[in-house]
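Asker: Below are the structure tokens for one structure; questions will follow.
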Amino acid sequence: MSGTGTTADDDPLQTAVWRLRSRACWADAAALLPPTTPAASLQRAALLVERCLYTEQGWEEAEDALRTAEAQAQSDDERGAAACERGQLAYAATLLGVRDRADEARAALGRAAALIAPGAPGRALLDFRRGLLAENLAHSPQAARAAYRRAHAGATAHDDPLLLSFTWRHLAGLALRDGELAEARHGFSESLRIREELGYLVGTAPALASLADAETDPEATRLRTEATRLFRLLGGVPTWLARQLTPPTATT
């Protein structure tokens, strides 16, 4: 979930990977990364794990890529990063109702926390994912907020704008739940701004839909209409966004 490939001084390979990834072409992006080194294997696995979360497909390919990354990992950071991806895959399978792997997700992220040093670049992503588990599996918004704030600080320190777009969005979601509309609008707006600046197309529709939830008409309708357009442009990805874009059934 890093912003690799988004800056002008990145190498052509990473730029190509980023462009494909941002347009929901994870398999094509992964194909550019033969698993010949630990770094390439980890990045390839991360792309295929992300595809599972956005499309609810490709689970076996992600598992295979993850096993390769785990086998090739040599340093604590590499082993921790692989464990972090393992936790994310188990979380996605649980969240999307494929199979209950909540215990595996917790164990994997706990293992990652023991391997990735505090302050290391990978720690912010780990903190964010621990926040996802706290919010969506443990249903503990307080723990989630604390984890998201740690991730937000880490992403700021390591200049990871894409991760910042996620922390802004999820902190705003908690604010919206608490009825803090101004704080929610600010966070959702920041998330959308960053994603548009990065050209992260696959993440722009969710950002638009989230901001719409914090706005009133006619702005809410405009944002939701634009989110629907992008959602259809990408072939219905992310799949879970369809539920958010469907207007609520009128009650009598």
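Asker: Toward the positive end of the charge dipole of the stretch 93-252, about the Cα centre and with charges on Cβ (Lys, Arg +1; Asp, Glu -1), which of L230, T94, A138 goes farthest?
Answerer: T94
Asker: Pairing the Cα long axis of helix 201-214 with the longest principal axis of the chain, what angle in degrees results, from 0 to 90 and rounded to the nearest 10?
Answerer: Computed tilt is about 40 degrees.
Asker: Normalise the Cα radius of gyration of the stretch 171-252 by 2.2 N^0.38 Å (N = residues in it) and let me know the number.
Answerer: Ratio of Cα Rg to 2.2 N^0.38 Å: 1.07.
Asker: In 10 Å bins starting at zero, report the fraction of Cα pairs in the chain per bin as a rounded %.
Answerer: Bin by bin from 0 Å, the calculated values are 8, 30, 40, 18, 4, 0, 0.
Asker: Rounded to whole Hz and in sequence order, give me ³J(HN,Hα) for the stretch 76-93 from the Karplus expression 6.51 cos²θ - 1.76 cosθ + 1.60, θ = phi - 60°, writing x for Gly and Pro.
Answerer: So the Karplus estimates, Gly and Pro as x, are 4, 4, 5, 5, x, 5, 5, 5, 4, 5, 4, x, 5, 5, 5, 4, 4, 4 Hz.
Asker: Could I ask something else about it? Quick check on packing: order 36-48, 117-129 by the mean number of other C-beta atoms within 10 Å, highest mean leading.
Answerer: Descending mean neighbour count gives 36-48, 117-129.
Asker: Assigning unit charges at the beta carbon (Lys, Arg +1; Asp, Glu -1) and nothing else, what dipole magnitude in debye, to the nearest 20, does the stretch 1-141 show about its Cα centre?
Answerer: Its charge dipole is roughly 200 debye.
Asker: Out of the total accessible area of the chain (probe 1.4 Å, heavy atoms of protein only), what percent is carbon and sulfur?
Answerer: 53
Asker: Now, a different point. For the stretch 6-162, with every protein chain kept in place, what is the accessible area per residue (1.4 Å probe, Å²)?
Answerer: 45
Asker: Something else: Which listed residue (I116, A27, A105) has the Cα farthest towards the positive end of the charge dipole for the chain, taking +1 on Lys and Arg C-beta and -1 on Asp and Glu C-beta about the Cα centre?
Answerer: Of the options given, the answer is A105.
The values are calculated or read from the model by the stated rules, or taken from the named source; none is laboratory data. Given the structure is predicted, the values throughout are model-derived calculations rather than measurements. Neighbour counts are summed over all protein chains in view; Cβ atoms, including those assigned to glycine, are modelled from backbone coordinates with ideal geometry. What goes into the accessible areas is simple: the full protein's heavy atoms, side chains included, and nothing from ligands, DNA or RNA. Shrake-Rupley method; radii C 1.70, N 1.55, O 1.52, S 1.80 Å.
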